[in-house]
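Below: the structure, in structure tokens.
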There are 2 protein chains.
Amino acid sequence: MNADYINPFIESAVSVFEMMLGCQVKRTGAKVCESFAPQFDITGIIGLSGRATGDVVISFERELALLATEALIGEKPTDLSADVIDTIGELTNMIAGNAKASMEELELKLALPTVIVGKNHTIRFPSKVRPIALAFESDMGYFNIEVGLMESACVEVG
Amino acid sequence: MNADYINPFIESAVSVFEMMLGCQVKRTGAKVCESFAPQFDITGIIGLSGRATGDVVISFERELALLATEALIGEKPTDLSADVIDTIGELTNMIAGNAKASMEELELKLALPTVIVGKNHTIRFPSKVRPIALAFESDMGYFNIEVGLMESACVEVG
């Protein structure tokens, strides 16, 4: 995967957290990986298609998900309720949407986010994709972003 | 969600199973649902975007996933290996891709499939989406398909 496609996601995560949640974020790590076991409790996934095709997977620590929901709706939920699902779907959508805006040449469109709840699962990309995983630390807790994006020519030929 | 968008997925699932796996399929149920807890062990998700936006979630019984992989690669895996992940990603991609071809007016593009492994998880759509869940029975085992698709005008206004 083209590493140029990574910075837009880092910048987007930092700016969405600051703008939407008033929360500072720093990136703590990055690695190329074959598969991905979210360490966290709630994960948003959103598909991208256009001149490149792929997915963005963002996994949030439970406490971060609750605090982010509180920042948006004014009340802290006690469990991973529908409000939390919507918050995670919306943050996933905004982080991918902002990043997309910095990669106009790819003419990306977003699908709808889906949200996975539960610790005992792994999320895998097709074996031909080598996603890049980014680890982040914020004032509200930890999250990570995995981006797997292939330029469409590769998809058609591959 | 427009129910006209459901038949293409049913027809596509029947034809992909027959063509790729030599396996007969019948649909056993359909319901509109707010969220979706896959009863099964391995689930493919793929995003769609264009004049409508959404996701297709296909959850497979473990034994079906193993038999489908055997039908494609000639050897039955003993666990949910990389070959099984790729088989489920590819079946998800083909079922969504075939259905897309019957809905040309929506000008849909597919994202890449991701595959979730693990029983203790639920997959949720944003609360504004009312997906339709379809249950299927095949010679190789059970699976279900959930389709959540919104016409893009609704997404922009909503």
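Structural remarks
- Pairs of alpha carbons in the protein assembly as shown separated by more than 38 Å make up 9% of all such pairs.
- Signed unit charges on C-beta, dipole axis of the protein assembly as shown, positive-most listed residue A:N93, A:V14, A:G44: A:G44
- For the range A:6-82, the Stokes-Einstein estimate of translational diffusion at 37 °C and a viscosity of 0.692 mPa s comes to 230 µm²/s, using the Kirkwood hydrodynamic radius over alpha-carbon pairs.
- Scattering profile of chain A at q = 0.08, 0.13 Å⁻¹ [log10 I(q)/I(0), Debye over alpha-carbon scatterers]: -0.21, -0.55
- With neighbour counts taken as other beta-carbon atoms within 10 Å, the residues A:E70, B:E107 rank, fewest first, as B:E107, A:E70.
- Rounded to the nearest 20 debye, the dipole magnitude of chain A is 480 debye, with +1 charges on Lys and Arg beta carbons, -1 on Asp and Glu beta carbons, and the Cα centre as origin.
- Sorted by Cβ density within 10 Å, fewest first, the residues B:T43, B:T28, A:T69: B:T28, A:T69, B:T43
- Listed cross-link partners A:K31/A:K109; B:K76/B:K128; A:K31/A:K119 are compared with a 29 Å cut-off, the Cα-Cα value being larger for B:K76/B:K128.
- Per residue of the protein assembly as shown, the DSSP helices (runs of n ≥ 4 H) give a summed -39500 (n - 2.57) that works out to -10500 deg cm²/dmol at 222 nm.
- Separation between Cα centres of the range A:61-81 and the range B:39-98, rounded to whole Å: 33 Å
- Calculated on alpha-carbon atoms, Rg and Dmax of the range A:67-158 in Å: 15.7, 50
- Copies compared at A:S102 - label distances in nm, ascending, label defined 7 Å from Cα in the Cβ direction: 4.1
- Each copy carries a label point for B:P77 at 7 Å from Cα along the beta-carbon vector; from one copy to the others these points are 3.2 nm apart, nearest first.
- Other protein chain C-beta atoms within 10 Å of residue C-beta, averaged over A:125-131: 5.
- Taking every residue in B:48-55 and counting other chain Cβ atoms within 10 Å of its Cβ, the average works out to 4.
- Here B:L67, A:L64 are placed in order of increasing Cβ neighbour count within 10 Å, fewest first, which gives B:L67, A:L64.
Rule-based calculations on the coordinates, nothing more; no lab input. Computed from a prediction, not measured in an experiment: that's the story for all the values here. All Cβ positions, even for glycine, are placed from backbone atoms using ideal geometry, and neighbour counts span all protein chains on display.
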